[in-house]
1. Given the whole protein assembly as supplied and a 1.4 Å probe, what does the accessible area of residue 111 come to in Å², nearest 10?
2. With only alpha-carbon atoms counted, please give the Rg and Dmax of the stretch 21-130, in Å.
3. For the stretch 81-136 and the stretch 32-77, what is the centre-to-centre distance using only Cα atoms, to the nearest Å?
4. Rounded to the nearest 500, what is the 222 nm mean residue ellipticity of the chain from helices alone, with -39500 (n - 2.57) per DSSP H run of 4+ residues and division by all residues?
5. With contacts defined as alpha carbon pairs under 8 Å and 6 or more residues apart, what's the relative contact order of the stretch 91-218 in percent?
6. Mind checking the stretch 113-157 for GluC sites (Glu not before Pro) that DSSP puts in a loop (not H, G, I, E or B) and that have at most 10 other Cβ atoms within 10 Å?
7. In nm², what is the average projected area of the convex hull enclosing the Cα atoms of the chain?
8. For Cα pairs less than 8 Å apart in space and 6+ apart in sequence, what is the mean separation divided by the residue count of the chain, i.e. the relative contact order in percent?
Amino acid sequence: MSKNNSNGQVVQRNLLSNLVLDQLMDWIMDGKLHMGEKLNPDELAAKLGVSKMPIREALNTLEKMGLAEAIPYVGTRLVKLTQEDVSEIYLIRKALEPLAAKQACAVIEEETVSRLEEIHEEYKQVVRQEKVMAKQVYQLNREFHFTIYGACGMEKLCSMIESLWDVLSFFKLIYGQKFINDEDSRERMILEHESYLEALRRREGETLFRLLSENLDKRSRDIPYDSEAYFDSGDH
């Protein structure tokens, strides 16, 4: 086999894997796949008309994103989250993320601030589109926050925060569907990001710490904990 053919096959497989991943995420957000549901590679391959290789790669990516987990002797299944899980995670995030942001504020470089401004501009364009994609909003929001946190240089702290975001991925995608349908919520998020940027430009670490603490606290209180759409009910 020539090198060009080999490279072409890798590209084709990656494209298929990304298409499978997008479809699985769409099914999650549409409620066609539920928390705790087992993902059978054979069934998915038959349903999507692809081989098992891109299915396996897509499932591996879901695991890395915190949306699925590999269970010995069971296989891959979507994660389960209870109301208590989400409340606890937000409580821990409130303890860690303002700290990372405050530390970042003291050492962040102008180049990183410029990069944050670029991400924010793209974010604004995405959330103000007529048809908003929850996946894209989630990914850009995540990139924005971790560009801030990563600037603090505290790898262990950032790793802990990232693992919390991973665990919340399923919830954030489902909840994101509600968020993107609410224009006021979208505009509030834009204003939140702009307030973080302004604090970073001014190197006001205490202000950034307070803003993140208040917004995470509000986010936790605003979660509709009585909605079964977001949490594991034990039926799957």
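The values are calculated or read from the model by the stated rules, or taken from the named source; none is laboratory data. This structure is a prediction, so every number in the text was calculated from the model and none was measured. Here the Cβ positions follow ideal geometry from the backbone for every residue, glycine too, while neighbour counts run over all protein chains shown. Accessible surface is based on the protein model in full, side chains and every heavy atom, while ligands, DNA and RNA are left aside. Shrake-Rupley method; radii C 1.70, N 1.55, O 1.52, S 1.80 Å.
1. It works out to around 140 Å².
2. Every Cα atom of the stretch 21-130 included, Rg and Dmax give 18.8, 53 Å.
3. 28 Å
4. Numbers: 9 runs with 173 residues, N = 236.
Only helices count here, giving -25000 deg cm²/dmol.
5. Numbers: 113 pairs, mean separation 58.5, N = 128.
That works out to 46 percent.
6. Values: sites: 117, 118, 121, 122, 130, 143, 155; in loops: 130.
Of the GluC sites (Glu not before Pro), the ones in loops of the stretch 113-157 whose Cβ has at most 10 other Cβ atoms within 10 Å are 130.
7. Values: hull surface 61.3 nm².
For the Cα atoms of the chain, the hull's average projected area reads 15.3 nm².
8. Numbers: 234 pairs, mean separation 63.7, N = 236.
About 27 percent, as a whole number.
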